[in-house]
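Peer 1: Below are the structure tokens for one structure; questions will follow.
The values are calculated or read from the model by the stated rules, or taken from the named source; none is laboratory data. As the structure is a computational prediction, the values presented were derived from the model and not from experiment. When we count neighbours, we look across all protein chains shown, and the Cβ atoms used for this are built from the backbone with ideal geometry, even at glycine. Only protein heavy atoms, including side chains, enter the accessible area calculation; ligands, DNA and RNA are left aside. Shrake-Rupley method; radii C 1.70, N 1.55, O 1.52, S 1.80 Å.
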Amino acid sequence: MPLLNKVRTAVSGGPGGDTATHSLSRLRSALTLFFALDGFLFAGWVVRIPAVKQQTGASAGDLGLALLGVSAGAVVTMTLTGRLCRRFGSHAVTVATAVLLSLSVALPALTRSPLALGLVLLVFGAAYGGINVAMNSAAVDLVAALRRPVMPSFHAAFSLGGMLGAGIGGLLAGSLSPTTHLLGLTVVGLALTAAAGPVLLRHPSPALPETLAAPSGARKTGKPSRAARRTVVVFGVIALCTAYGEGALADWGALHLEQDLGAHPGVAAAGYSVFALTMTAGRLSGTLLLERLGQTRTLVAGGATAAAGMLLGALAPTVWATLLGFAVTGLGLANIFPVAVARAGAIAGPGGVATASTLGYGGMLLGPPSIGFLADWFSLPVALTTVAVLAAGAAAMGYWARNAGTRPAS
């Protein structure tokens with residue numbers, strides 16, 4: 001991750017500053033690993049969806065209903081994770097949900113019916129939703145302590161993990177059964193959690209000392225106005241629209257390449273890997289892009305780019321043109337989610353971050369089953385064009401809300 005070893009904190013010049021800096025640096029490294037692990041395990045599952053679909057004998061509609069289990073489990077957990085983080089701490093909840101995610105990723109390969117698949121995906125979704133809320137809560141605290149805009153680096157780690165998970169999954173798709181592959185992911189997940197978990201458990205969530213000034217642009221404590229809450233919801237919907245596309249490509253991109261275009265399973269799995277690669281590159285360069293274009297132009301340009309890329313990816317008649325469309329879509333979507341969450345936080349503080357993050361991840365989880373239903377009614381390529389429609393909508397909403405967050409809400 002960029003700047004990973006160049007941490008500057010608000011307390012670096014004070015007593016114990018070197019110790020505090022080292023502690024925050026270790027926390028950042030450990031938290032970055034959990035973001036990467038989350039993306040790695042999720043991508044490892046999604047590239048095996050075609051094989052699990054065949055194994056369970058599910059139709060497109062059956063698969064969409066089964067994938068709804070991920071959404072249902074995640075939504076329920078997301079509403080509870082905030083309370084768990086307040087009671088036990090976001091670090092402890094991150095480690096616990098990482099263990100559950102690692103164990104549950106192996107369960108889909110053990111099923112033989114759409115109903116059983118849906119039930120185990122409830123557990124997988126609960127773990128996935130919980131770790132995403134807990135990790136982002138921990139990241140918000142760490143960003144405040146570092147006083148540096150490093151949130152895109154955590155999301156880049158998630159994308160990098162997804163790219164690696166999809167790439168390795170593509171290489172193994174032709175030689176390993178889904179059961180062996182997903183059980184291997186369980187072993188990797190538990191091992192990495194055992195390595196990085198103690199760092200989070202030994203260190204509480206950092207906070208800025210009360211004697212120091214609040215970070216630039218921070219809001220004073222207090223309940224945000226109704227207008228501020230509405231604007232936070234707008235940025236949450238922007239995050240939802242773009243995360244919808246990420247979830248759709250993760251779960252349906254490989255199936256589109258294999259089923260509609262006749263791609264080899266390994267090439268089909270590379271579709272999400274290409275998407276994750278360009279998204280990672282976009283997020284790693286996100287800070288420079290924001291400095292040059294500003295937040296509004298980044299939102300609008302990203303949404304328009306993603307819309308054009310997804311139209312190509314959904315409707316192109318060849319495998320390579322579709323892969324190019326997926327790559328362009330990844331570049332377009334890369335920084336919209338982090339910017340939307342940051343803008344929500346500038347308006348309403350941590351509550352705004354929580355609202356936008358929950359809506360955004362809800363879009364990632366609700367997108368795949370929606371695509372499944374639309375694929376049954378129309379076709380999978382037509383269903384995938386909804387990603388382009390929502391990306392264009394995110395660009396329009398980003399322009400409409402261009403002046404929001406320039407001043408703290410009363």
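Peer 1: Residue check: is Leu333 buried (at least 24 other Cβ atoms within 10 Å of the Cβ), touching a residue at least 24 places away in the same chain (Cβ under 8 Å), closer than 15 Å to Ser273 by Cα and in contact with a helix residue (DSSP H, G or I) (Cβ under 7 Å, 6 or more places away or on another chain)?
Peer 2: yes
Peer 1: Go through the range 49-121 and tell me which helices (runs of 4 or more DSSP H), entirely inside it, have 2 or more residues that are among the polar types (S, T, N, Q) and open to solvent by less than 30 Å² (accessible area, probe 1.4 Å).
Peer 2: 60-88, 90-104
Peer 1: Any residue in the range 183-205 that is within 22 Å of Ala268 (Cα to Cα) and of a type in the set (Ser, Thr, Tyr)?
Peer 2: No, the range 183-205 contains no residue that is within 22 Å of Ala268 (Cα to Cα) and of a type in the set (Ser, Thr, Tyr).
Peer 1: Restricting to the range 351-393, name every residue that is open to solvent by 40 Å² or more (accessible area, probe 1.4 Å), aliphatic (A, V, I, L, M) and at pLDDT below 80.
Peer 2: Ala354, Leu366
Peer 1: Could you tell me whether any residue of the range 320-340 is modelled with pLDDT of 90 or more, more than 21 Å from Ser159 (Cα to Cα) and in a helix (DSSP H, G or I)?
Peer 2: Within the range 320-340 (the criterion being modelled with pLDDT of 90 or more, more than 21 Å from Ser159 (Cα to Cα) and in a helix (DSSP H, G or I)), the answer is yes, since at least one residue qualifies.
Let's see how each residue does on (1) open to solvent by less than 20 Å² (accessible area, probe 1.4 Å); (2) more than 12 Å from the chain's Cα centre (by Cα); (3) basic (Lys, Arg); (4) more than 18 Å from Glu246 (Cα to Cα):
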site	(1), (2), (3), (4)
Ala134	yes, yes, no, yes
Ser137	no, yes, no, yes
Asp141	no, yes, no, yes
Ala145	yes, yes, no, yes
Val150	yes, yes, no, yes
Phe154	yes, no, no, no
Phe158	yes, no, no, no
Gly161	yes, no, no, no
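Peer 1: Looking at the range 19-47, which of its residues are within 14 Å of the chain's Cα centre (by Cα) and of a type outside the set (A, V, I, L, M, F, W, C)?
Peer 2: The answer is Thr32, Asp38, Gly39.
Peer 1: Restricting the search to the range 172-190, which residues are modelled with pLDDT of 85 or more, touching a helix residue (DSSP H, G or I) at 6+ places or on another chain (Cβ under 7 Å) and open to solvent by 60 Å² or more (accessible area, probe 1.4 Å)?
Peer 2: Leu190
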